[in-house]
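S.K.: First the structure, which I've put down as structure tokens, then a few questions once you've had a look.
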Protein chains: 2
Amino acid sequence: MAPRRKLAANPRKHPEQDRSRATVGTILQAAAHVLVKRGYEAFTTNRVAEKAGVSIGSLYQYFPNKDALLVALMKRHVMEIENTVVEMVDRAATLPLQELVQLAVEQNVKSHLIEPELHRVLSEEVPSLGNLDWKKAYSRRVEARVRAAFETRRSEITVSDLDLAVFVVTRTVEAVVHNAVSERPHDLQSGALAAEVSRLIVGYLTSKPVPRKGVLRAAAE
Amino acid sequence: MAPRRKLAANPRKHPEQDRSRATVGTILQAAAHVLVKRGYEAFTTNRVAEKAGVSIGSLYQYFPNKDALLVALMKRHVMEIENTVVEMVDRAATLPLQELVQLAVEQNVKSHLIEPELHRVLSEEVPSLGNLDWKKAYSRRVEARVRAAFETRRSEITVSDLDLAVFVVTRTVEAVVHNAVSERPHDLQSGALAAEVSRLIVGYLTSKPVPRKGVLRAAAE
DNA sequence: ATGTTATATGAGTAATTGCTCGCATTGACT
DNA sequence: AGTCAATGCGAGCAATTACTCATATAACAT
């Protein structure tokens, strides 16, 4: 990049006619396209404008700077995900632990299948977007829900440190599913991966405290 | 960045006198320093040279381009890790599954504590270094070892698809530990996290096949 | 001393790119 | 038809930065 002049930015003009709303949509679509097809390295504002078929000036009429474009993209993506999540939460409220976990894992899989490539680029390639406040906020919201779900079923759960358990569970599910998108697409589609992860999590949450040392009890039946 | 002229590069001059070997060391040290303290965004060849106290010309005498610097850093880092890994593998050959897993997890924790910040920046911020061939090769080597360890103890392991199990286990351990570096440093240091993860993995590998539906068996003892 | 090679220097070049700004066009409403 | 605001345009500025090259100095060999 050349001149990173603006770090934050003024609220730029808001589209009021249909024409400009269409322009904004086109720009976002082009931005996603460039990101997915060419990667973050090729993600320049000029290229996005060109791909969108609008002038660079128009782009800056609605997005104060490059980062704003990325943020808009990410917000849209997270919102799509969160919608399907909310829907699931309602269905899951009263389920027993195992089915809850299965549902949640399948939910995570579904999220990753929305726009897998965009998701991957946004979370892996785009720099300094990982530290975004609202993204952390989203994580905290998820973790709070998970914790609440655990507390409701506290008697079934053998783990002593709930906070730590929430951490382990959320990171595990996210990482395994995320990696599977590119490395095990078939298992992801077939549900084999979701089943495996569910087993992993349920086993962890409900297993007897580990035998402190020596021979393993579980294997010995 | 401005002119990404060279994509690959000639083998550059190799240091032959002590003086130049010292220069190369200083440059690498400065490179790590800049990466850790200022992040990848501020990682410019001119800045590295300045921090090292050598001229930009000298830097390019030994590193054909910017990426070569990063690759050298990464190789050094991975080598440090792999050294301690090899040492562990020998000790672990004959251990029972549970102790093996505990050892491996603790090993992973140790790896992440070598140069945690450098490790984080290299794996999270540096773009297009995640796709590097030799890094994939390293992953495959690790996975092969894990698979071999599983096969040796096949009778204790209840999972049917070994490949899938290797995938799930390796990604889980790596991700949980990696995230813990910045988010749960205390649990990482105390060993609480390693214990938890070990329990997670051993439980997964040795638990009875999941009850197809309905009440969970594990909780019911 | 003298020549040769390895090493160090840093001002400068060329490419890249985020972003501005003056002007043109469109559309809405008289 | 005329006015004004919303929208669109794109040449070009200014900052940034990977990398070169002509030149200088140090180490070594004879």
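Any read-out appearing in this document is the output of simple, stated calculations on the displayed coordinates, not a laboratory observation. What you are looking at is a predicted structure, and each value in this text was computed from that prediction instead of being measured. Cβ atoms come from the backbone with ideal geometry, glycine included; neighbour counts cover every protein chain shown.
S.K.: Over all alpha-carbon pairs of the protein assembly as shown, lay out the pair-distance distribution in 20 Å bins, whole %, shortest bin first.
M.R.: Each 20 Å bin holds this share of Cα pairs: 22, 51, 26, 2.
S.K.: While we're here: Around A:GLU87, what is the net charge, scoring Lys/Arg as +1 and Asp/Glu as -1 over all other residues with Cβ under 14 Å from its Cβ?
M.R.: Computed value for this residue: -1.
S.K.: Next up: Can you grab the distance from the C-alpha centre of region B:141-213 to the C-alpha centre of region B:19-42, Å, no decimals?
M.R.: Rounded to whole Å, the Cα centres lie 35 Å apart.
S.K.: Using Stokes-Einstein with the Kirkwood hydrodynamic radius over Cα pairs, what translational diffusion coefficient do you get for chain B at 37 °C and a viscosity of 0.692 mPa s, in µm²/s rounded to a whole number?
M.R.: Result for D is 164 µm²/s.
S.K.: Quick one: what does P(r) look like for region B:58-114 with 5 Å bins over all Cα pairs, in whole %?
M.R.: Bins of 5 Å from zero give 4, 17, 20, 15, 12, 9, 9, 6, 5, 3, 1 percent of pairs.
S.K.: If you place +1 on the Cβ of every Lys and Arg and -1 on the Cβ of every Asp and Glu, how big does the dipole about the Cα centre of chain A come out, in debye to the nearest 20?
M.R.: With only Lys, Arg, Asp and Glu charged at Cβ, the dipole is about 700 debye.
S.K.: Charges on Cβ only, +1 for Lys and Arg, -1 for Asp and Glu, centred on the Cα centroid of the protein assembly as shown; of B:PRO64, A:SER111, B:SER139, which one is farthest towards the dipole's positive end?
M.R.: Result: B:PRO64, furthest along the dipole toward the positive end.
S.K.: Dipole size in debye (nearest 20) for region B:1-96 around its Cα centre, Lys and Arg Cβ +1, Asp and Glu Cβ -1?
M.R.: Approximately 520 debye in magnitude.
S.K.: Helix-only mean residue ellipticity at 222 nm, chain B, DSSP H runs n ≥ 4 weighted -39,500 (n - 2.57), per residue, nearest 500. What is it?
M.R.: -21500 deg cm²/dmol
S.K.: Continuing with this model, one more query. Quick check: the angle from helix A:97-112's long axis to the longest principal axis of chain A, C-alpha only, nearest 10 degrees?
M.R.: Taking the Cα atoms of chain A, the angle to A:97-112 is about 20 degrees.
S.K.: Hey, got the dipole for region A:62-192? About the Cα centre, +1 on K and R Cβ, -1 on D and E Cβ, debye to the nearest 20?
M.R.: 280 debye
S.K.: Rounded, prolate or oblate: which fits region B:141-180 when a ≥ b ≥ c are the square roots of the eigenvalues of the alpha-carbon gyration tensor, with rounded for a/c under 1.5 and prolate only if a/b beats b/c?
M.R.: prolate
S.K.: Here is a follow-up. Hey, what angle do you get for helix B:18-38 against the long axis of chain B, alpha-carbon based, 0 to 90 degrees rounded to 10?
M.R.: Approximately 60 degrees, to the nearest 10.
S.K.: Give, in whole angstrom and from largest to smallest, the semi-axes √(5λ) of the equivalent ellipsoid of region A:1-108, with λ running over the eigenvalues of the Cα gyration tensor.
M.R.: 36, 16, 13
S.K.: While we're on this one: How big is the Kirkwood radius of region A:18-57, worked out from every pair of different alpha carbons and given in Å to one decimal?
M.R.: 9.9 Å
S.K.: Please say if region A:126-206 is rounded, prolate or oblate, where rounded means a/c under 1.5 for a ≥ b ≥ c the square roots of the C-alpha gyration tensor eigenvalues, and otherwise the choice is prolate for a/b larger than b/c and oblate otherwise?
M.R.: Oblate, since a/c reaches 1.5 and b/c is not below a/b.
S.K.: Now for a different question. Shape of region B:59-174 from its Cα gyration tensor (a ≥ b ≥ c, root eigenvalues): rounded if a/c is under 1.5, otherwise prolate when a/b > b/c, or oblate?
M.R.: prolate
S.K.: Now for a different question. Within region A:1-154, how many lysine pairs that are 8 or more places apart, or on different chains, have C-alpha atoms less than 17 Å apart?
M.R.: Qualifying lysine pairs in region A:1-154: 7.
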